[in-house]
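Bear in mind these aren't lab numbers, they're just calculated from the coordinates by the rules spelled out. Since the model is a prediction, treat every value here as computed from it, not as a measurement. Quick reminder, even Gly has a Cβ in these numbers, built from the backbone with ideal geometry, and neighbours come from all protein chains shown.
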Amino acid sequence: MLAVLAALYDRAPERIHGYDLMKLTGLKSGSLYPLLMRMSDRGLLASEWCEPTAPGRPPRHAYRLTARGVALAQAARNDPDSSGLVGAKA
Amino acid sequence: MSGGIARAVMTLALAGLGPHRRDWAAAMRAEFAMAAEAGEGLAFAFGCLATAWRELPAHHEGRLALSRYTFALGLILPAAAVLLAGLWWGYPWVEPPYADGIARFAKVPTVLPATIHAGNAFAVPWLATLLLLRVGGLMLSAWFVVEADWNRAAAIQRAGAAATVTLALFAAIVVADFTCVVLPLLALCAEMLSIALLRRWHDGENAAVA
């Protein structure tokens, strides 16, 4: 989860698409999507639909950290041991 | 070729995500288009399938789907496999040592003769064909259970019950022994019990959710 938090935090306030997030973190879709779902359920992640950039393409989901997510990312960056995320499953 | 497989895997994955993850399914579909363009569609689709299966126990439809797969793969298909193995070993004409074993298991007397007359032997392939149809019926039944198509599953069950009764009647006449209907009867019982329990549970759960 640290990798996803860090990637989103570093790009804030920019929103990132799922596939780009995979490339940034090196996570596979089977690891990334459960993490994103869990983060969204916990209120750490906000998502919104973006208009397609080319005709015939479906709209894409883009993600950014919520205020809670930003606070957790900051805490994890300043003190990874006390953030509770060290050792958490990717 | 791999593009078609990837799309099929993706369809399976998205179907498994359930209504509460509909937005996520749409998001995955959009990103799949990007991954496919980059030549990574298959890996992406399998990842989404893993995600969907991981999510199954977390939602109502997922739990019901899991129960259907468990019954189909754990009970109905093994019953079909046992019948098929029986056919391979000569069922419904069972050699005396095996017949004795089955008779002891089912606690039924066996009066099976050591040899079979030519006239009676003529009927054995037909009985075997009936049993083969029964195996096919069980496989269809497993499919309909997975699809939660209870009406078709029940129709297959009725046909299966009729086939088993026919087998019992003709076995009594042809080989004068009921040992050869023990396995089909067990398969029928497993099928009827599991489908009835599953259907009842599904109806109860769906009523509770509604």
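Annotations
- Once the chain from B:T11 to B:V165 is taken as fully extended at 0.36 nm per residue, the excess over their C-alpha distance is 51.3 nm.
- Debye intensity ratio in log₁₀ form over the Cα atoms of the range A:2-77, taken at each q of 0.25, 0.26 Å⁻¹: -1.22, -1.30
- Phi-based couplings in Hz for the range A:49-62 (Karplus 6.51, -1.76, 1.60; Gly and Pro marked x): 7, 10, 4, x, 7, 10, x, x, 8, x, x, 10, 7, 10
- Summing +1 for each Lys or Arg and -1 for each Asp or Glu among the other residues whose beta-carbon sits under 15 angstrom from that of A:H17 gives -1.
- Degrees between helix A:2-11 axis and first principal axis of chain A (Cα, 0 to 90, nearest 10): 60 degrees
- A cut-off under 11 angstrom between Cβ atoms defines the neighbours of B:A58, and their net charge, with Lys, Arg +1 and Asp, Glu -1, is +1.
- Once the Cα atoms are used to define both axes, helix A:67-78 deviates from the longest principal axis of chain A by about 50 degrees.
- Test item: A:31-43 mean partner chain Cβ contacts at 10 Å: 3
- Spin-label pair A:A75/B:N151, simplified geometry with 7 Å Cα→Cβ offset, distance in nm: 5.5 nm
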